[in-house]
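J.: Next up is a structure, given as structure tokens.
The values are calculated or read from the model by the stated rules, or taken from the named source; none is laboratory data. Note that the coordinates shown come from a computational prediction; the quantities given were computed from them, not determined experimentally. Every residue, glycine as well, gets a Cβ built from its backbone with ideal geometry; the counts of neighbours run over all protein chains shown.
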């Protein structure tokens with residue numbers, strides 16, 4: 001018979017090795033972090049042309065694709081059905097190959113209508129990034 005109870009060893013966590021690992025991780029994160037640099041503005045003086053007034057100023061006009069509050073579509077002021085917008089854009093591209101477009105929409109425009117317009121633009125060969133969008137609240141609201 002064993003009258004002396006056996007002593008269990010007290011579990012110990014080796015803190016020193018954990019501190020070493022934390023220091024190594026801290027050094028790694030500091031070494032690999034990219035810090036943001038503040039953007040400084042540089043003042044420059046641009047040259048001026050004496051013949052600036054003589055040259056004809058080219059004003060860029062854009063044809064508007066308008067979506068009203070009632071989800072109606074207009075291409076350059078003419079009403080267009082959403083399903084026929086791609087064909088109308090192709091006709092516009094044939095008539096005026098250098099025509100620039102812009103999208104004017106109401107804030108209440110449904111997302112589905114915007115997606116249909118973007119799909120029609122892609123089908124007609126226009127890049128969505130080249131068509132700026134202006135989303136405004138309709139007058140009278």
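For (1) without any contact (Cβ under 8 Å) to a residue 12 or more places away in the chain; (2) within 17 Å of the chain's Cα centre (by Cα); (3) surrounded by fewer than 17 Cβ atoms within 10 Å (Cβ to Cβ); (4) assigned to a helix (DSSP H, G or I), each residue gets a yes or a no:
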{"site": "88", "(1), (2), (3), (4)": "no, no, no, yes"}
{"site": "92", "(1), (2), (3), (4)": "no, no, no, yes"}
{"site": "98", "(1), (2), (3), (4)": "yes, no, yes, no"}
{"site": "108", "(1), (2), (3), (4)": "no, no, yes, no"}
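J.: Okay, moving on. When you scan the range 79-99, how many residues do you find that are touching a helix residue (DSSP H, G or I) at 6+ places or on another chain (Cβ under 9 Å), modelled with pLDDT under 85 and within 13 Å of residue 124 (Cα to Cα)?
T.: The qualifying residues number 1.
J.: Looking only at the range 124-141, how many residues end up being part of a helix (DSSP H, G or I) and in contact (Cβ under 8 Å) with a residue 40 or more places away in the chain?
T.: So the answer is 0.
J.: Does residue 69 satisfy the condition of being outside any strand (DSSP E or B), exposed (fewer than 10 other Cβ atoms within 10 Å of the Cβ) and either at pLDDT below 85 or in contact with a strand residue (DSSP E or B) (Cβ under 9 Å, 6 or more places away or on another chain) (or both)?
T.: no
J.: Give the residue, chosen from 103, 121, that is buried (at least 17 other Cβ atoms within 10 Å of the Cβ) and not in a strand (DSSP E or B).
T.: 121
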